[in-house]
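The values are calculated or read from the model by the stated rules, or taken from the named source; none is laboratory data. Small disclaimer: the values here were computed from a predicted structure and weren't measured. Cβ: placed from backbone, ideal geometry, glycine included. Neighbour counts: every protein chain shown.
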Amino acid sequence: MGMESVWYCQLGEQVFGPINFAQLQALAQSGQVQPGTLLRQGEGAWIQAGQVPSLFAFAAAAFWAVGSGLALAVPYFRRFP
């Protein structure tokens with residue numbers, strides 16, 4: 001799955017796109033795109049966002065940071081006492 005092609009996103013009854021992968025990641029980071037949100041790459045089949053590799057990579061990084069005793073803060077990390 002090439003990440004640089006165009007994507008379409010179904011939010012509610014509306015379809016948004018074409019958008020690029022960076023825009024799709026921004027929608028995921030903002031919470032507008034959830035793992036169950038339907039996405040389509042180009043003219044491909046609709047799939048759930050959770051199936052797209054690296055789309056939710058920021059969530060794994062946040063989980064690691066909290067699990068390791070780091071607090072995720074914008075724009076820097078802070079260690080818990």
Go through (1) touching a Pro at 6+ places or on another chain (Cβ under 9 Å); (2) modelled with pLDDT of 90 or more for MET3 and report which single condition fails.
(2)
Among residues of region 28-56 being part of a helix (DSSP H, G or I) and either modelled with pLDDT of 90 or more or small (Gly, Ala, Ser) (or both), the residue surrounded by the fewest Cβ atoms within 10 Å (Cβ to Cβ) is GLN51
